[in-house]
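A short write-up of the structure that comes next.
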Amino acid sequence: MQSKWRNDKFEAILRKVNSASTPEWRIKCLDCPGKLYTPGPGETLSNYEVHLKNPLHRRHVNDRI
């Protein structure tokens, strides 16, 4: 995904709710502070790609570069 969105900054985070539960992946957008996204559906990143196309996100990226 980083090769497709070269100017966007994000990282995958393994979120552990408690010791008995299965950890869940989240995607943190470093261009939009405080935003965490759940990947999906399934094992895809389609939900996060919607965010990457969002006009406000695009503006944050363009302001940074």
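Could you tell me how many of the residues in the stretch 38-63 are farther than 18 Å from Lys4 by Cα and not in a loop (DSSP other than H, G, I, E, B)? Break it down into steps so the answer makes sense when it comes.
We begin by selecting, within the stretch 38-63, every residue farther than 18 Å from Lys4 by Cα; these are 38, 41-42, 56, 63.
Among the residues that remain, those that are also not in a loop (DSSP other than H, G, I, E, B) are: 56, 63.
Summing the residues that are farther than 18 Å from Lys4 by Cα and not in a loop (DSSP other than H, G, I, E, B) in the stretch 38-63 gives 2.
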Next on the checklist: Based on this model, can you work out whether Ile65 counts as surrounded by 11 or more Cβ atoms within 10 Å (Cβ to Cβ) and among the hydrophobic types (A, V, I, L, M, F, W, C)?
Outcome noted: no
Item to check | Count - residues of the stretch 1-25 that are over 22 Å from Arg59 (Cβ atoms) and either among the hydrophobic types (A, V, I, L, M, F, W, C) or not in a strand (DSSP E or B) (or both) | outcome: 13
Next on the checklist: Take Gly40 and tell me if it is of a type in the set (Gly, Ala, Ser) and surrounded by 10 or more Cβ atoms within 10 Å (Cβ to Cβ).
Outcome noted: yes
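Here is a yes/no grid of residues against (1) surrounded by 10 or more Cβ atoms within 10 Å (Cβ to Cβ); (2) under 19 Å from Ile65 (Cβ atoms); (3) modelled with pLDDT under 90:
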{"residue": "Lys4", "(1), (2), (3)": "no, yes, yes"}
{"residue": "Asn7", "(1), (2), (3)": "yes, yes, no"}
{"residue": "Asn18", "(1), (2), (3)": "no, no, yes"}
{"residue": "Trp25", "(1), (2), (3)": "yes, no, yes"}
Checklist entry - Restricting to the stretch 43-65, what's the tally of residues that are closer than 16 Å to Ala12 by Cβ and of a type outside the set (A, V, I, L, M)? => result 7
Item to check | Selection within the stretch 26-37 - without any contact (Cβ under 8 Å) to a residue 24 or more places away in the chain and part of a strand (DSSP E or B) | outcome: Arg26, Ile27, Lys28, Leu36, Tyr37
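The values are calculated or read from the model by the stated rules, or taken from the named source; none is laboratory data. Everything numeric here is computed off the predicted structure, so don't read it as measured data. With ideal geometry, Cβ positions are generated from the backbone for all residues, glycine too; neighbour counts draw on all protein chains shown.
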